[in-house]
Structures are given as structure tokens and as C-alpha cells.
């Protein structure tokens, strides 16, 4: 196991050790049933769920279901279905087309240039802090909000973490649900709209998870020459996103009876779609010269009608971050796993330059 993979593995083993162990033990089979829960590891089976199997987007155990529970049925954050959901996705896709992403791009680049300046003087920066400001600035502009970037980013991060804890069993379940409702309400009051809150949660948390992990991987694996070269940078960004799989699991519920990989699936079965395994993130390191096929790599952003509209923006932001960090060839000086975040990631990732730009 490389140093880069060993460090990145820690974001799973230190935050969700039992879940990581279960997924590791069952990943050899493309589909594994445990009672009414179906773990989906296989590439073809993962794609089949998202493109062919009817899904209940608001059932208990799904992201939408949690939003319904913590908001008292009002659907704060993620509870969208039917025509409303399709309309929201179309509007978002239009805002994040090629020209839309290029309009947002200078905001992220300005944050990177300003926040990485200490590296030129031999100082250090916390990549998590930089990623949060970048995500907050871009998301605020996308939503047309006059908010300080960190205020928006922090609210979105707290709301996502609180909602994720609703999944946890045990005596604190009622307290988790109350905290999630409070955090969701605070975010909604800040942004003023349920769809805006949903987008803020998704954009901020994936960016805060992906960019620091990617920078750590490049530092540990000597990828700075590839990051610095425009000819290889975009391919490296794509491969890093595949391997990092910022949203490694997609919880879904079957909306009707069907089949998956030739096996029966019943309406109401809980589906745990392991994006990390479907995209071969667990056993194929990033490779610019032998990249995984696009159809496989893109599975970290979903598939078909469930593909993430923000995939283009995520790729561009990571490529710009690689370009900004590469001249300093930073090394990791301090890292601490975030045990409370909604997505696997770092609470602190401090880097310092090892060469003058």
C-alpha cells in the first residue's frame, strides 16, 4: 500500500471503522444481501440501480428521508421528488453548464491565489480552511447570496454533519434528530430557500472533502509534476476524484420490486450503493497514462437521471486547486481526521512548501 493510499484510508478507518470493515469484507461480491439491506459493490450493478431500478427518494434511511424527518415533514434540504425534483435538476444543470462554470471559476482562483500566498514565504496553510472558503465563495455566487463565504460554508457543513448523525442507532437518536432539525433550520434561514440549502450542503461538503484529500495524495505520491503540467492536470483531477470518491456511499431505497444482477429486490429494501468500489477506487490508484474508462470514473457522480449536475464544477475546481498548489510542491506537516463530518475527510490538513515557486 502506497503512502498516499495509507494516509487517505485513515479518513475511513478513523471516522467509521465498523462500516469500513463491513464494506471491505463484502466487496468481493457485486451484490450482498444482509436482511432487508442490499450492499451494491459491482460497477455494472451500481449503474443498474441508478438507471433501471425504481427508487423511493424520500424513504426512511435515504438522504431525502432524513430531511423529511428532521424538518417535521417540510422537506428541508433534500426532500424532492417528481416534477419538482426534475425541474430543480434542470435549472441547476443549466446554471452549471460550461459557460456557467467558467463564470464561477475566477472566484475560486482568487481564493486560491490569496490563501496560498504564505507558501511563497515559507509558511504553511490549512487546506481544509482554504477549501471551505473556496466552496463558500463559489456557492454564494451560484445562489446569488450576499453572504461571507465561511459563514455559508460552516452552516452547510454543520447541517450535513448533523443530518448524517441521524443515521446512527443508540440512545442519542432523539438528540441527533433534534440537532439536525436545528442545524437544517439555521441553514434554511440563512439561504432562504430549500433548494438553495440542498445545493449548499452538496457543494460545500463535497469540495471540503475532495480538495484536501487530493492535495494530500499528490504530496504523498509525488504527483506535483503531473499537477503542474496542463497536458496531464485535467486527467489527474479526474482520476483523483475517482479514487477519492468524495461521496463514497449513496443510501437509497427500492421503490418497487425488481431485479439486480439477476437477484430479486423487493420494494422497501435498503440499498447501500458503494460508489467507491463501483469506480474501482479501492484497488486502482490514479493513473494519467492508464486512466479508468470515463463510464467507470464518472460513477462517483452517479449515473443516468441520478447523475450529479455539479460534476463539471467539481472537476474544474480540483484542476484549479492542483494548478495553484503545484508550484510550491507542498508536503503535509499536520493532518487530523474529521470524525464528525458528513463525508470522509480531514478536519485539518496543514501543508508547507518544500520548494520555492
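Say we look at the range 1-21 and pick out the residues that are more than 18 Å from the chain's Cα centre (by Cα) and not in a helix (DSSP H, G or I); which of these is surrounded by the fewest Cβ atoms within 10 Å (Cβ to Cβ)?
1
Go through the range 268-306 and give me each residue that's free of Cβ contacts under 8 Å to residues at least 60 places away in the same chain and assigned to a loop (DSSP other than H, G, I, E, B).
Residues satisfying the conditions are 281, 283, 284, 287, 289, 290, 291, 292, 293.
In the range 22-38, which residues are more than 14 Å from residue 276 (Cβ to Cβ), without any contact (Cβ under 8 Å) to a residue 40 or more places away in the chain and either part of a helix (DSSP H, G or I) or out of contact with any strand residue (DSSP E or B) (no Cβ under 7 Å at 6 or more places or on another chain) (or both)?
Across the range 22-38, the qualifying residues are 25, 28, 29, 34, 35.
So which residues in the range 136-149 are in contact (Cβ under 8 Å) with a residue 24 or more places away in the chain and closer than 19 Å to residue 189 by Cα?
Across the range 136-149, the qualifying residues are 136, 137, 139, 141, 142, 143, 145, 147, 149.
Could we say that residue 343 is under 16 Å from the mean Cα position of the chain (by Cα), part of a loop (DSSP other than H, G, I, E, B), under 23 Å from residue 252 (Cβ atoms) and in contact (Cβ under 8 Å) with a residue 24 or more places away in the chain here?
yes
Could you list, in sequence order, the residues of the range 243-265 that are closer than 15 Å to residue 32 by Cβ and without any contact (Cβ under 8 Å) to a residue 24 or more places away in the chain?
Residues satisfying the conditions are 262, 264.
Here are some conditions: (1) closer than 18 Å to residue 213 by Cα; (2) under 18 Å from the mean Cα position of the chain (by Cα). Residue 287 meets all but one. Which one does it not meet?
(2)
In the range 170-202, how many residues are assigned to a loop (DSSP other than H, G, I, E, B) and modelled with pLDDT of 85 or more? First the steps, then the outcome.
So in the range 170-202, the residues assigned to a loop (DSSP other than H, G, I, E, B) come out as 170-172, 192-193.
Subset that is modelled with pLDDT of 85 or more: 192.
So the count comes out to 1.
Yes/no matrix, rows are residues, columns are (1) crowded, with 17+ Cβ neighbours inside 10 Å; (2) modelled with pLDDT under 95; (3) under 20 Å from residue 202 (Cα atoms):
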{"site": "86", "(1), (2), (3)": "no, yes, yes"}
{"site": "111", "(1), (2), (3)": "yes, no, yes"}
{"site": "121", "(1), (2), (3)": "no, yes, no"}
{"site": "137", "(1), (2), (3)": "yes, no, yes"}
{"site": "144", "(1), (2), (3)": "no, yes, yes"}
{"site": "149", "(1), (2), (3)": "yes, no, yes"}
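Can you name every residue in the range 111-129 that is in a helix (DSSP H, G or I) and touching a residue at least 24 places away in the same chain (Cβ under 8 Å)?
111, 112, 113, 119, 120, 127, 128
The values are calculated or read from the model by the stated rules, or taken from the named source; none is laboratory data. This one's a predicted model, so the numbers in the text were calculated from it and none came from an experiment. Note that we place each Cβ from the backbone using ideal geometry, even for glycine, and neighbour counts take in every protein chain shown.
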